[in-house]
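Report on one structure; see the data block that follows.
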Amino acid sequence: MTIEREKFERLMTAALDGELNADEQREFEALLAEDEALQKEFLQYKQLKEVALTMKLKMPSQEVWDRYWLDVYNRIERGISWVLISIGAAVLLAYGGYKLVEEILRDTSLNWAVRLAMLSLIAGLALLLVSVAREKWFTRKSDPYKEVLR
Amino acid sequence: MEHVWEHYAMESAQTSAFPQVRDDDEAVRLCRQGYRQAYGFLVKEYMQRAYFCALGLVGSHEEALDLSQEAFVRAYRAINRFELGRSFFSWYYKILRNLCLNHIRDKKLHARSFSEIGEVELSRLQDERQSVDTAVEQTELREKVWTALHQLKPADREIILLKDFQDYSYKEIADLLEIPIGTVMSRLFNARRNLKSKLERIYP
């Protein structure tokens, strides 16, 4: 891209947004006066900008704003409840699992194949749980803004 | 019974119990000390800006409301990482933006039509007494621009929305996106060029 073209794009953007100072305004007008293609291009962008300026996003009703903070507050409070429930559930699950394994190992009345299958099932579930939890934790920790485009 | 709980929740969330909250940093400090209600100061201050930024990106009222509130919740949880003295909204905006972009990617959202979530800014109309035909044409044109806008890359859409729909200055956009003003201008130009070619392609 030529320096002239680059300058035109910068000045045109500022002109569209009303951000030109007096010197830049003169410079921009001189560029337009020299070239009809540039005049046409500027006019097209100006029309697009004018249409965009007539478009406004609707303001929701006052009721939405009145409830907004309350909804955020409730979510924060519930988030804390979920953390406590998760901690409690994790501890109980771990303890229950431990007790179950202990019971299976102690119970000699069960066939060894059934005991082995039950132990295998419990170990598999525990591994799966740890693996999912680890994946979630590391994804969250290592790349919090991976979708942010700069 | 529900009414009693609603009242209790309102009381708990009441921010008037914190008259000492004067600015964002003060509110952040109180939040760090465990006063959840102080966060209401920040939420009320920025909820409208947050909602409109999200609405522009996802194009749906319900999703914008939900995502902007969720971003406030996440910002609250991460409040210890906020650097005092910096702009709270710029920091919050990064969380919101990230949430919206993930949401767009995961849900493959289709924005609502402009007539559903937008309205005409009458003060900007060049001739308010236009004919019915012109008015219909203009309405169609706005729908076309909105459709084309939502077919752009999120980053292009975002910068056009911030500048042309929400009237942010170059400096404010630069702060929000953490880029120099020169980059704001070049990104704005590229985004408008992409919008123009998108319009020419889908509505030749």
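Okay, here's what the table says:
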quantity	calculated
Qualifying position, being closer than 30 Å to B:TYR76 by Cβ, surrounded by 10 or more Cβ atoms within 10 Å (Cβ to Cβ) and modelled with pLDDT of 90 or more, among A:VAL130, A:VAL91	A:VAL91
Near pairs, Cβ below 7 angstrom, 6+ apart or cross-chain, from the stretch B:67-85 (more than 10 Å from chain A (Cβ to nearest Cβ)) to any residue that is of a type in the set (S, T, N, Q) and crowded, with 18+ Cβ neighbours inside 10 Å	none
Contacts under 7 angstrom Cβ, first residue in the stretch A:1-27 being more than 9 Å from chain B (Cβ to nearest Cβ) and part of a helix (DSSP H, G or I), partner crowded, with 18+ Cβ neighbours inside 10 Å and aromatic (Phe, Trp, Tyr), 6 or more apart	A:LEU11/A:PHE28; A:ALA15/A:PHE28
Yes/no for B:ARG192 being over 17 Å from the mean Cα position of the chain (by Cα), at pLDDT 90 or above and surrounded by 16 or more Cβ atoms within 10 Å (Cβ to Cβ)	yes
The lone exception for B:GLY85 - which of (1) outside any helix (DSSP H, G or I); (2) out of contact with any Asp or Glu (no Cβ under 9 Å at 6 or more places or on another chain); (3) at pLDDT 75 or above it fails	(2)
The stretch B:153-171: number of residues that are of a type outside the set (Asp, Glu), within 19 Å of A:LYS46 (Cβ to Cβ), free of Cβ contacts under 8 Å to residues at least 60 places away in the same chain and within 8 Å of another protein chain (Cβ to nearest Cβ)	3
Residue identified as at pLDDT 90 or above and either among the hydrophobic types (A, V, I, L, M, F, W, C) or within 25 Å of the chain's Cα centre (by Cα) (or both) among B:PHE52, B:PHE18	B:PHE52
Any hit, the stretch A:52-60, residues being in a helix (DSSP H, G or I) and under 30 Å from A:ASP17 (Cβ atoms)	yes
Identity of the residue in the stretch B:172-193, facing chain A (nearest Cβ under 10 Å) and without any contact (Cβ under 8 Å) to a residue 12 or more places away in the chain, that ends up farthest from A:ARG5 (Cα to Cα)	B:ILE179
Residue among A:LEU38, A:LEU43 that alone is more than 8 Å from chain B (Cβ to nearest Cβ), in contact (Cβ under 8 Å) with a residue 24 or more places away in the chain and among the aliphatic types (A, V, I, L, M)	A:LEU38
Single condition A:THR54 does not satisfy, out of (1) over 30 Å from B:GLU63 (Cα atoms); (2) modelled with pLDDT under 90	(1)
Criterion violated by B:TYR168 - all others in (1) assigned to a helix (DSSP H, G or I); (2) modelled with pLDDT of 90 or more satisfied	(1)
Residue list for the stretch A:66-82, restricted to those being within 7 Å of chain B (Cβ to nearest Cβ) and either among the aliphatic types (A, V, I, L, M) or farther than 17 Å from B:LEU65 by Cβ (or both)	A:LEU70, A:VAL72, A:ILE76, A:GLY79
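The values are calculated or read from the model by the stated rules, or taken from the named source; none is laboratory data. The structure displayed is predicted, hence computed values, not measured ones. For neighbour counting, all protein chains shown are included, and Cβ atoms are generated from backbone atoms with ideal geometry for every residue, glycine included.
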